[in-house]
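J.: I'd like to ask you about the structure that follows.
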Amino acid sequence: MKNLDVITIGRSSVDLYGAQVGGRLEDMSSFNKYIGGSPTNMAAGTARLGLKSGLITRVGDEHMGRFVREELDRHGVDTRGVITDKERLTALVLLGIRDQEQFPLIFYRENCADMALCEDDIDPDFIACAKAVVATGTHLSNPQTEAAVLKALRLARDSGGQTALDIDYRPNLWGLSGHGDGENRFIASDQVTEKLQSTLHLFDLIVGTEEEFHIAGGTTDTIQALQNVRKVSNATLVCKRGPMGATAFEGDIPENLDDGISGPGFPIEVFNVLGAGDGFMSGLLKGWITGEDWVTSLTYANACGAFAVSRHGCTPAYPSWDELQFFLKRGVEDKALRKDAELEQIHWATNRHTSHGGNWSTMRVFAFDHRIQLEQMADEAGVSPEHLGFFKNLCLDAAVNVADGQPGYGILCDSRIGRDALYRAAGTGLWIGHPVEWPASRPLMLEPEIGPDFGGLAEWPVEHVVKVLCFYHPDDTEEMKAEQEDVLKRLFAACRRNNLEMLLEVIPSKVAPIDDDTTASVIRRIYEIGIYPDWWKLEPLTSKEAWAKACAAITDNDPNTRGIVILGLDAPEDQLAASFAEAAQFDLVKGFAVGRTIFADAARKWLAGDLSNDEAVADMTNRFERLCRIWDDVRALSHSKDHQGIPA
């Protein structure tokens, strides 16, 4: 059965993109890390558009290889064809944005893992799963990788699948120029032309720029090159023409490129052309494989290419299906797409899962980010604050025990007292919330480590979610609102700049009396000033009506929000159970983030020397487990009532 839409085959690398724009690659001082390589980009790009994608390649048995595999998993790409090479390193590419026309890059591909791909790596059963197999030109440059590609193509055709080629011509990857010439896109070569033409008959679709058809056709006359390709292949030919869009040719090649089939182009500002062809190909494959006509397919392709040239990086620039549909319906409002706030919000919110893995449809979070409360407990017990860091490690042990490797569990932990626990939590699969506010501050201030320019966030792992608690009430003075909102707006901007999710916690009841409208009013104000938290953390609300209004305030402004977690405020377990039951009736509420109800008793006894490490962990494990069961039970009951049509 064809349960995959497409399998791409070939290059896989880690792209290290210069973070500074407008300078020489020699002068780049920092780099952003993304997955790369045309087939890898296309596998991720088509997955973002809703296709079921797979990849055949090799990666090294090291950190970069694991990064590639994990990023593919986060995109939903089938990685059965990704082979771990025990002897070779994952390829690297260093790239930069010099200006609108110069994009220097260096390929680190000496004996790299993906160039060791061989025929034995091609699984006939895997190939038979796919409606289409897509190859790229680089893996035709070496006899061993060429044999692997040809085997995959033959198997695809034998099993009734379609085949496509992205010519993807890089002269220095064919050995035609030196390492410093990675930016060069064309050097004429009879040998390369002959090699390409020996395989073109195997494809149903061939895609390339004018220069790439020049190498495939053996001439720099574009029409003649296309005609030469047509002599050896019946494939649909799609010629990419930069700002003029692209043209498809199903039959004979006319005397003018404009006489082919075209889709509308998009007038946007070019920021970065690297990876644009892979974005274009992702959109084209979406249309081609799902049976759209060529005008529609080319429209998808041109739009995806427009996104790619307007943003930093390759795969991170590609749109989700929702984003593409929104763009095609609304059109271009700012030619610099990366500066279009509405579009960028949709891009962020619909692609979030690609950089922050895990299934967070249910959230059971042990919150031990408390600082003032624990410091007071240490004072009462007559012990030094140094004990608290160790205790937070015990809290983490309890969270890990309860999670037991399952999704849907997390922690809130600070780095001032709980740094070691935060370090240990990395890679455990737990959702990790990391607070930035100075405890109990009003107006809002941040921990000193964040810095006056909020630059401290640049040191945070991307899996950390920036949690900020703001004591905000609609009846605050204008001066108080302005001061707190300024901090929140700057923090939100810093989160996005550093690719970090943000959780906003608001507790208006600690400021002044509240009613059913209070929390909803706060939420709407936050969106009004341009802040779109990925998560909300709310106190247990006073009524079902209050919950309904709060949820509506969020979904009216951000239908792609991650959701809400309920805080505990040191409430007894039975009170939490009642508040859980009320909140569980709303699907936007994903779970809870509770702390003192779980750890307070154990902390006091442990600090006083009345509880051993193991006993403290066991006590907190039991309490956390009970809260998890309570939440799961009330959520299940709520959904059961909904299913039966019983009013909750």
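J.: Arrange the peptides 382-390, 168-176 so that the one whose residues have, on average, the most other Cβ atoms within 10 Å appears first. Walk me through the numbers before you get to the answer.
T.: On the way: 382-390: 13.1, 168-176: 20.3.
Descending packing order for the listed peptides: 168-176, 382-390.
J.: Please state the shape class of segment 300-345: rounded when a/c is under 1.5, otherwise prolate if a/b exceeds b/c and oblate if not, all from the C-alpha gyration tensor.
T.: Values: a/c = 1.44, a/b = 1.11, b/c = 1.29.
In terms of gyration-tensor shape, rounded.
J.: Calculate the FRET efficiency for D633 and N499 from the Cβ-Cβ distance with a Förster distance of 56 Å, rounded to the nearest 0.05.
T.: Numbers: r = 36 Å, r/R0 = 0.65.
The value I calculate is 0.95.
J.: Moving on. Which of rounded, prolate, oblate describes segment 206-247, given a ≥ b ≥ c as roots of the alpha-carbon gyration tensor eigenvalues and a/c under 1.5 marking rounded, otherwise prolate only if a/b is larger than b/c? Please list the in-between numbers first.
T.: Details: a/c = 2.24, a/b = 1.35, b/c = 1.66.
Oblate.
J.: According to the Kirkwood expression over distinct Cα-Cα pairs, how big is the hydrodynamic radius of segment 402-492, in Å?
T.: 14.5
J.: So what are the ³J(HN,Hα) numbers for segment 305-312, from phi and the Karplus equation (6.51, -1.76, 1.60; θ = phi - 60°), rounded to whole Hz, Gly and Pro as x?
T.: x, 5, 4, 5, 6, 9, 10, 7
J.: Give me the percent of Cα-Cα pairs in the chain that sit more than 41 Å apart, rounded to a whole number. The partial results should precede the final answer.
T.: Details: 73435 of 209628 pairs.
The answer is 35 percent, as a whole percent.
J.: What is the magnitude of the charge dipole of the chain about its Cα centre, with +1 placed on the Cβ of each Lys and Arg, -1 on the Cβ of each Asp and Glu, and no other charges, expressed in debye to the nearest 20? The partial results should precede the final answer.
T.: On the way: 63 positive and 97 negative charges, 152 e Å.
It works out to roughly 720 debye.
J.: Still on this structure, I have one more. From the phi angles alone, apply the Karplus equation (6.51, -1.76, 1.60; θ = phi - 60°) to segment 519-533 and give each ³J(HN,Hα) in whole Hz, x where the residue is Gly or Pro.
T.: Going residue by residue, I get 5, 4, 5, 4, 4, 4, 5, 4, 5, 4, 8, x, 9, 10, x Hz, with x marking Gly and Pro.
J.: Taking only the alpha-carbon positions of segment 222-370 and ignoring solvent, what does the Debye formula give for the base-10 log of I(q)/I(0) at q = 0.10 Å⁻¹?
T.: -0.42
J.: Please list, in order along segment 440-448, the HN-Hα scalar couplings obtained from phi with the Karplus expression 6.51 cos²θ - 1.76 cosθ + 1.60 (θ = phi - 60°), rounded to whole Hz, x for Gly and Pro.
T.: Residue by residue, segment 440-448 yields 6, 6, 7, x, 4, 10, 10, 4, x Hz.
J.: At 1.4 Å probe radius, can you tell me the per residue accessible area of the chain in Å²? Write down the numbers at each step before the final one.
T.: On the way: 25830 Å² over 648 residues.
Here the per-residue accessible area is 40 Å².
J.: Rg/Rh for segment 24-133 to two decimals, with Rh computed the Kirkwood way over all alpha-carbon pairs. Walk me through the intermediate numbers first.
T.: Numbers: Rg = 15.3 Å, Rh = 15.2 Å.
My calculation of the ratio gives 1.01.
J.: Considering amide H positions built from the backbone, and no H for Pro or chain starts, which residues 5 or more places from K467, or on another chain, come under 5 Å of its amide H?
T.: It is H434, V436, L503, by chain and number.
J.: Then there's this: Cα extents of segment 514-616 along the three principal axes, largest first, in whole Å?
T.: 51, 26, 23
J.: Given 10 °C and 1.306 mPa s, compute D for segment 85-145 with the Stokes-Einstein relation, Rh being the Kirkwood radius over Cα pairs; round to the nearest whole µm²/s.
T.: Details: Rh = 14.3 Å.
Rounded, D is 111 µm²/s.
J.: Would you mind telling me the antiparallel percentage of the DSSP bridges in segment 1-144, rounded to 5?
T.: So the antiparallel bridges amount to about 30 percent of the total.
J.: Something else now. Calculate for the chain the 222 nm mean residue ellipticity that helices alone would give, adding -39,500 (n - 2.57) per DSSP H run of length 4 or more and normalising by residue count, nearest 500 deg cm²/dmol. All intermediate terms of the calculation are to be shown ahead of the outcome.
T.: Details: 20 runs with 258 residues, N = 648.
Using -39500 (n - 2.57) per qualifying helix, the result is -12500 deg cm²/dmol.
J.: Put a dot 7 Å past each Cα toward the Cβ at M445 and T290; how far apart are the dots in nm?
T.: The answer from the label model is 5.3 nm.
J.: With label points built 7 Å along Cα→Cβ from the Cα atoms of R157 and Q191, find their separation and express it in nm.
T.: My value for the distance between the label points is 2.6 nm.
J.: Could I ask something else about it? Beyond 12 Å, what percent of the Cα pairs of segment 122-164 remain? Don't skip to the answer; put the middle values down first.
T.: Values: 481 of 903 pairs.
Tail fraction, whole percent: 53.
J.: Still on this structure, I have one more. What translational D, rounded to a whole number of µm²/s, comes out for segment 209-276 from Stokes-Einstein when the hydrodynamic radius is the Kirkwood one over Cα pairs, at 37 °C and 0.692 mPa s? The partial results should precede the final answer.
T.: On the way: Rh = 12.6 Å.
Estimated diffusion coefficient is 260 µm²/s.
J.: May I ask you to give the percent of accessible area on the chain that is carbon plus sulfur, with a probe radius of 1.4 Å? Provide the component values of the computation, followed by the final result.
T.: On the way: 12350 of 25830 Å².
For the chain, the apolar C and S fraction of the accessible surface comes to 48 percent.
J.: Taking amide H positions as placed 1.01 Å from N in the peptide plane, with prolines and chain starts having none, which residues 5 or more places from T8, or on another chain, fall under 5 Å of its amide H?
T.: It is G54, L55, I56, V134, by chain and number.
J.: How much of Y409 can a 1.4 Å solvent probe reach, expressed as accessible area in Å² and rounded to 10?
T.: Looks like 20 Å² after rounding.
J.: Another question, if that's okay. Quick one: which residues, 5 or more positions from K537 or on another chain, have an amide H under 5 Å from its amide H? H modelled 1.01 Å from N in the peptide plane, none for Pro or chain starts.
T.: HN-HN under 5 Å from K537: L504, E505, V506, V565.
J.: Taking the Cα-to-Cβ direction at H179 and at A548 and moving 7 Å from each Cα, how far apart do the two end points lie in nm?
T.: Here the modelled spin labels are 6.7 nm apart.
J.: So, one more: Once you keep just the Cα pairs under 8 angstrom separated by 6 or more residues, what percentage relative contact order results for the chain? All intermediate terms of the calculation are to be shown ahead of the outcome.
T.: Numbers: 1334 pairs, mean separation 56.0, N = 648.
Relative contact order, the chain: 9 percent.
J.: Here's a follow-up. Which whole-number percent is the relative contact order of segment 368-490 (Cα, under 8 Å, 6+ apart)?
T.: 21
J.: How high is the FRET efficiency from S612 to D517, r the C-beta distance, R0 41 Å, rounded to 0.05?
T.: 0.25
The values are calculated or read from the model by the stated rules, or taken from the named source; none is laboratory data. Quick caveat, the model's predicted, so the values are computed rather than measured. FYI the Cβ positions are ideal-geometry reconstructions off the backbone, even for glycines, and counts take in every protein chain you see. Surface accessibility is based on the protein's heavy atoms, side chains included, excluding ligands, DNA and RNA. Shrake-Rupley method; radii C 1.70, N 1.55, O 1.52, S 1.80 Å.
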